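Peer 1: Sharing a structure here in structure tokens format.
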Amino acid sequence: MKRVCVIDGQGGGIGATLITYLKEAYGESIELIGLGTNAIAAAQMLKAGANRAASGENAIVRTAPTADVIIGPISIGWANAMLGEITPKMAEAVTSTPVPKIFLPLSQEPVIIVGVATEPLPHLVQQLVNQKVKEVLFDV
């Protein structure tokens, strides 16, 4: 079974949305791990249907390398993002893990990503779930 780690912070809304769509599309054929930068984010992802959830720096650092794919907003790879919730160790764990990462181009940081079309969150999540996850996990 493929292990998908969804990482989110703050209120966990993006992570919960991702978990909901992934669970709907893939059911029990994948293991969904919700990793929150805080307990609220982890709880929201668990409530949305994650198989398991944990929070904090150590949970992310220890669990990210066990994933088959890491999914979340692009800022999970940036030290001190999300109002400081992404620690340098968390960002390093995400970017150093040699597994595919699928990032949503969403950030609260003063960063402009050139070449990315502005799309509503539901459209981005549908594209991620219906195309990118299939390509990465199932070689479609």
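Peer 1: Only one of (1) surrounded by 20 or more Cβ atoms within 10 Å (Cβ to Cβ); (2) of a type in the set (Gly, Ala, Ser); (3) within 26 Å of residue 138 (Cβ to Cβ) fails for residue 49. Which number is that?
Peer 2: The one condition residue 49 does not meet is (1).
Peer 1: With 90, 82 as the choices, which residue is under 15 Å from the mean Cα position of the chain (by Cα) and modelled with pLDDT of 95 or more? Show your work before the answer.
Peer 2: On the way: 82 fails: modelled with pLDDT of 95 or more.
Every option except 90 fails the conditions.
Peer 1: Only residues that are of a type in the set (Val, Ile, Thr) and at pLDDT below 90: list them for segment 93-128, please. Give the derivation first.
Peer 2: Restricting attention to segment 93-128, the residues satisfying the condition of being of a type in the set (Val, Ile, Thr) are 94-95, 97, 99, 102, 111-114, 116, 118, 125.
Listed by number, the residues that qualify are 111, 112, 113, 114, 116, 118, 125.
Peer 1: Looking only at segment 60-75, how many residues end up being crowded, with 21+ Cβ neighbours inside 10 Å and aliphatic (A, V, I, L, M)?
Peer 2: Matching residues across segment 60-75 total 5.
Peer 1: Can you name the helices (runs of 4 or more DSSP H) wholly within segment 1-115 that have at least 1 residues being more than 22 Å from residue 127 (Cβ to Cβ)?
Peer 2: On the way: elements: 13-26, 39-48, 57-63, 88-96.
In segment 1-115, 39-48, 57-63, 88-96 are the helices (runs of 4 or more DSSP H) which contain 1 or more residues that are more than 22 Å from residue 127 (Cβ to Cβ).
Peer 1: Does residue 9 count as touching a residue at least 60 places away in the same chain (Cβ under 8 Å), over 16 Å from residue 133 (Cβ atoms) and crowded, with 24+ Cβ neighbours inside 10 Å?
Peer 2: Working: touching a residue at least 60 places away in the same chain (Cβ under 8 Å): yes; over 16 Å from residue 133 (Cβ atoms): yes; crowded, with 24+ Cβ neighbours inside 10 Å: yes.
Yes; evaluated as a whole, the condition is true for this residue.
The values are calculated or read from the model by the stated rules, or taken from the named source; none is laboratory data. All figures in this text were calculated on a predicted structure; none of them were measured in a lab. Counting neighbours? That spans all protein chains shown, and the Cβs are built from the backbone with ideal geometry, glycine included.
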